[in-house]
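What follows is a single structure, written as structure tokens, with notes after it.
We did not get these values from a lab; they are worked out from the coordinates using the rules stated. It should be emphasised that the depicted structure is a prediction, and the values quoted were computed from it without experimental measurement. Here the Cβ positions follow ideal geometry from the backbone for every residue, glycine too, while neighbour counts run over all protein chains shown.
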Amino acid sequence: MRDAGPNPALQILHYTRDHSQSNLKFQENQIRPLLDLFMIHDLNQATPGSQDDETTGGVSFQVPLDRGPIRAQARQSALRLESDRTSIVDLDVRLSFDLRKLYVDLDNQARILSWRERATEVGQSKLDAQISKYKNGISTLVDVVRFQQDLQNSMLDVVSTRVTFNKLLFRRLALEGTLYRSFGISVE
């Protein structure tokens, strides 16, 4: 299991687990007998500095008679803690899987973007050649318009792929929990 890192969902689960752990310790302490040593010093308000001040001390011992409900609460706290630990492991595994899948998707989108940019370059050279043929009377205007539409579609594919790639980048930052940093926001 990895460190909570900056992922907010994982941090929340770690805080919840810590709270459950504290609650379990509290409940376990409620089952045990209580032994307290106390001392009370009472100042005489009527005559300050007099010898009438009283000091009392003692020992207090308490044993819960019916420990059933207390033990049930302790068991419930233990189960909640175990559930929180399982949730952390589950989220950590899901985040790791999602990040790996996202890296594969980013790599694929980068390749597709490269191919589509190359197709746009080829489309532009085809259009230039077709315009040259049209100027020389070898081609028709319909052919030039068809090549212009092909180039335009190719350019739209490039823009669409860039948008998808950028969405994946933002999703990666969100999964890593560092999206706010990319906008210059600091969280203390």
Label of the coordinate-derived value, Rg and Dmax of the Cα atoms in Å, listed as (i) 36.0, 124; (ii) 17.0, 60; (iii) 17.3, 53: (i)
Net charge over other residues, Cβ less than 13 angstrom from the Cβ of Gly123 (K, R count +1; D, E count -1): -1
Sequence-separation-based contact order of the chain, relative, with Cα cut under 8 Å and 6+ spacing, percent: 25 percent
Size of charge dipole - the range 149-188 - debye, nearest 20, with Cβ of Lys, Arg +1 and Asp, Glu -1, no other charges: 100 debye
Candidate aspartates and glutamates - alpha carbon under 14 Å from Lys135, same-chain residues fewer than 8 apart omitted: Asp143
